[in-house]
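Input: a single structure, listed below in structure tokens.
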Amino acid sequence: MKYLPRAFRPATLSMTFAAALLLHVQADAQNAPSAEDLRALRFYIENNDEAAVKAEARQLKLKFPNWTPPSNLADLSQIEPTTEISDIYTLISRGDIDGARKLVQQVSEKYPTWKVPAEMQNQLDLAESQAKFDRAISAEDTAAAINIASRSPVLMSCNRINNIWQLAKLQISNDNARGALAAYRQIVGTCTNTPDIIATIEKAEKVTTNQQLIGLVDLARQRFPSQATTFRGLQERLLKGRGTQATSPKAAGAEAKPSSPAKLTTPKPATQVTTATAPKRTRLPLHGDRRLNATRAAAKAGNNHACLANSANPRSIDIAYERAWCAYNLERPLEAMAYFLAASQSGLSGDAIRDAKFGLALSYLKLDMTEEAARIAAQTSYTPSQRRQVEAIILNQRGIQAYDRKEYQHAIDYFDALEEMENGLSRDLALLRGYAYLNIGDTTAARKQFETLNDVLSTTDTRKALRILYSQAP
């Protein structure tokens, strides 16, 4: 093979030869060589092989008669961006998402065969989601922040723990202590950095009862037996700092739990694809993650920890759907919400989409975001069992929220509706209803409620309620 002299550069080819090789893809795409077709020509140009360049050019002209080369053959050597890549990443790191996307567009136009690397696209999307999340937090818009996080689960991951802390802080400022506690519990049950877990429990101290605080510490102690002494000392310090405070009627109301089961079984494997309507675009394919069977087996056996281990970083919607239920059962509603949302917007079967929206509503309710759950429920054709379960929790939460707002008659109405639906009312809610009667001056109804509870089972709470009632009686 004959090589061109060392001093030769593509730009120095004669004008006659340059005209013969003028590459400019102005012709129809079918009449122009592709990047693969030009591979050999580029190789010869880069190696200064003039004879091979001429021969390859003749072959291309025969194959693509309407094709013409550029005046500067060096342009053929560069088919992908170089310094532009680092420029894009620099813009991302500065938080200039609009600038980064604009540069990506310019690079794509300049290099048509270049595709945005998956890592770059992920970083762009994540940076944009983080910016939107930060704006929602600054605007004190809890619903928007959670919606953004549900569409980008990594925002709620342990390496971005500050996001979860910020969300919990916002929920506290909006008087949503249970939503904040759910966020804190997700950290304690998921993350592995002991200082972060200790800091989280310290933050949670503001929104927990003694029992809830002890439960949170117990969860950490179970996950990290070697740190048991550390967590025991933390618990003693926090409880000691509280001193002894009487439980007020409002605190009693805060203790009321939604009447939902602690764990739920995945309603139905999400395997079918509907053809009735075009599915919305999702980043994950519907199927293809080979860990699906192992994940389903673990979920069916009630081994939620194994389910999560088998489905880490889901690579398909069907396994993300299974993971969502396991995350929900392990008190990780923020993570569950993200995967339920993805499944609900996919091309899965109608039943699977319905069940995903059921899980989505339950996740909102776990965060005490009652109205968001109610909106989903109003737009979804649930099964009778699902409808009853969701509406019962909604009535439960609305009753407690009305009581906390001192809207006592509304609280009574919600508790009455719940009692009718469930053919009964839990003791804690019945006690709260008694206090609501007392607060609107209906001592007769309050007496009946308190005495009925005390006759069935006399407790410190029922005896205290009766003492308060008798002290106010004429």
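What number of residues within the range 306-334 satisfy the criterion of being part of a helix (DSSP H, G or I) and crowded, with 24+ Cβ neighbours inside 10 Å?
Step one: list which residues in the range 306-334 are part of a helix (DSSP H, G or I), which gives 306-310, 317-329, 333-334.
From what's left, crowded, with 24+ Cβ neighbours inside 10 Å: 307, 317-328, 333-334.
Residues in the range 306-334 being part of a helix (DSSP H, G or I) and crowded, with 24+ Cβ neighbours inside 10 Å: 15 in total.
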Taking T244 as the residue in question, decide whether it is assigned to a loop (DSSP other than H, G, I, E, B), farther than 30 Å from I468 by Cβ and either modelled with pLDDT of 90 or more or out of contact with any Asp or Glu (no Cβ under 6 Å at 6 or more places or on another chain) (or both). no
G95 vs. criteria surrounded by fewer than 16 Cβ atoms within 10 Å (Cβ to Cβ), within 30 Å of T200 (Cβ to Cβ), in contact with a helix residue (DSSP H, G or I) (Cβ under 7 Å, 6 or more places away or on another chain) and of a type outside the set (S, T, N, Q): yes
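For every residue, the table says whether it meets (1) modelled with pLDDT of 95 or more; (2) of a type in the set (D, E, K, R).
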{"residue": "L362", "(1), (2)": "yes, no"}
{"residue": "K366", "(1), (2)": "no, yes"}
{"residue": "E371", "(1), (2)": "no, yes"}
{"residue": "Q401", "(1), (2)": "no, no"}
{"residue": "L432", "(1), (2)": "yes, no"}
{"residue": "T443", "(1), (2)": "no, no"}
{"residue": "A446", "(1), (2)": "no, no"}
{"residue": "N454", "(1), (2)": "no, no"}
{"residue": "A465", "(1), (2)": "no, no"}
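Pick out the one residue from E119, E140 that is outside any helix (DSSP H, G or I) and either within 14 Å of the chain's Cα centre (by Cα) or among the acidic types (D, E) (or both).
Details: E119 fails: outside any helix (DSSP H, G or I).
Result: E140 is the single residue among E119, E140 that is outside any helix (DSSP H, G or I) and either within 14 Å of the chain's Cα centre (by Cα) or among the acidic types (D, E) (or both).
Looking at Q389, Q449, which one is touching a Phe, Trp or Tyr at 6+ places or on another chain (Cβ under 9 Å), touching a residue at least 40 places away in the same chain (Cβ under 8 Å) and either closer than 20 Å to L466 by Cα or part of a helix (DSSP H, G or I) (or both)?
Values: Q449 fails: touching a residue at least 40 places away in the same chain (Cβ under 8 Å).
After applying the criteria, what remains is Q389.
The values are calculated or read from the model by the stated rules, or taken from the named source; none is laboratory data. Just so it is clear, the structure is predicted and the values come from calculations on it, not from any experiment. Cβ atoms come from the backbone with ideal geometry, glycine included; neighbour counts cover every protein chain shown.
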